[in-house]
1. Loop-only chymotrypsin sites (Phe, Trp or Tyr not before Pro) in segment 228-306, please: DSSP not H, G, I, E or B, and at most 11 other Cβ atoms within 10 Å.
2. Please state the charge dipole magnitude for segment 287-405, taken about the Cα centre, from unit charges on C-beta atoms (+1 on K and R, -1 on D and E), reported in debye and rounded to the nearest 20.
3. Distance between the C-alpha centers of segment 190-205 and segment 268-316? Whole Å please.
4. Quickly estimate the mean residue ellipticity at 222 nm for the chain, helices only: each DSSP H run with n ≥ 4 gives -39500 (n - 2.57), and the total goes over all residues, rounded to 500.
5. Do any of 43/398; 75/200; 49/126; 126/355; 126/398 go past 30 Å between their Cα atoms, and which?
6. Check which residues have an amide H placed less than 5 Å from residue 379's amide H, if you skip close sequence neighbours.
7. Take the chain, connect every pair of alpha-carbon atoms lying under 10 Å apart with a spring to form a Gaussian network, then pick out the residue of 65, 235, 121 with the largest mean-square fluctuation.
8. Compare 183, 285, 64 in a GNM of the chain, Cα atoms joined below 10 Å, and give the one with the largest fluctuation.
Amino acid sequence: MRSNVEPPTDGPLKGLVVIEMGTLIAGPFCGQILGDFGATVIKLEDPGKGDPMRQWGRSLPMGHSPWWPVIGRNKRSVTLNLRDPDGQAIARKLIAGADVLIENFRPGAMEKWGLGYEALSAVNPKLVMARVSGFGQTGPYAQRAGYALIGEAMGGLRYITGEPDRAPARAGISVGDSLAGLHAALGTMMALHARERTGKGQIVDAAIYESVLSVMENLITEYGLTGYVRERSGSVLPGIAPSNAYPTADGALVVIGANQDTLFARLCTAMGRPELAADPRYAGHAARGENQAELDALIGAWTATLPASDLLALMEASGVAAGRVYRAPDMLEDPQFAAREAIVETPHPVFGSVKMQNAFPKLSDTPGGVRWPGPGLGEHTDAVLGERAGVSAEDLVKLRERGVI
């Protein structure tokens, strides 16, 4: 874990100006990614309350959310009432000088405020507008409220997650929101690249359910060709064996992936059972898949006799892919995480310092990084509106009195 190291002052997106409108995770995660790599991200928040992420989380140490320092990092916070005509006018001025606008309101909200793409691009034709929503900007479901759990369900992820004898489970994070934000960031970079050729911006339409659908591998194709509906399979992929989490003598879980013939032979040798590689029940991919449960039970009985550290050392020496099932404290203690600076520690005005995941992926010449954690509500309002929207100090006072900022 990196600490007390000067964070990068710029990145590959230095000079790119992003206006972030929206709350919670899907849109703001797109802004987080762009900010991590050097973009100037100006987050517009409702005066008085701000993004609900400031108060979300299982716990609120010292009255503050441990979620906000991550999703709000590298951003400048400006309070602005977008439902007020004066707030909308200021937003237009900010957007006129921006490269990217991110929003994740229900489709139609921006148009109602006079901030639709047609109106904004007339003033700023190079604008790229990333629009994140549950179901996209078109289609019969466009106006429906859409959250991660809905997108995960409709995109196919929820149905195949969990044990086969139970109702579908969910991951302990908002996968759908993060996937939508990631696709919005990817689409934004594509649109900016296209702008280099055409000189024109465009809309990036990222739907949560489609973002989930995009990572569902061959689920649709397999059904279309064979009629097979993929079902929940617990901790395994049906027909892919061995590839599971196995118990150890000290109560840990170690994931082992040895579903290729050569890897399986190495695992058998490490187990002291080299003959298993030639056993008709396990010799070949199809045979191991047909006898998956039996094979997993055999391997699990063996791993349960070894402490996790010994098992991992043996797997590494044998050239078999393996790793512990990690929790947060395991990540903080792991030398690989430390060597790669996968987790960083940054100063925080309330917590003293906060640990969080670093910017990914790594770039060799212009890396991203965490320059500061999520800012205080409206921390940059006066500076940004003065510099980028031409609002005078006198007008700032009046706008604040009226609750516009």
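The values are calculated or read from the model by the stated rules, or taken from the named source; none is laboratory data. Worth saying up front: this structure is predicted, and the values here are computed from it rather than measured. Cβ atoms come from the backbone with ideal geometry, glycine included; neighbour counts cover every protein chain shown. Just so you know, the surface numbers come from the protein's heavy atoms only, side chains and all, with ligands and any DNA or RNA stripped out. Shrake-Rupley method; radii C 1.70, N 1.55, O 1.52, S 1.80 Å.
1. Working: sites: 228, 264, 282, 302; in loops: 228, 282.
Sparse-neighbourhood loop chymotrypsin sites (Phe, Trp or Tyr not before Pro): 228.
2. Values: 11 positive and 17 negative charges, 58 e Å.
Result for segment 287-405 is approximately 280 debye, rounded to the nearest 20.
3. Their Cα centres are 51 Å away from one another.
4. Working: 17 runs with 150 residues, N = 405.
After summing the helix terms and dividing by residue count, I get -10500 deg cm²/dmol.
5. Details: 43/398 21 Å; 75/200 26 Å; 49/126 32 Å; 126/355 37 Å; 126/398 32 Å.
Those over the limit are 49/126; 126/355; 126/398.
6. Under 5 Å from the amide H of residue 379: 77.
7. Its mean-square fluctuation being the largest, the pick is 235.
8. Highest fluctuation among the options: 285.
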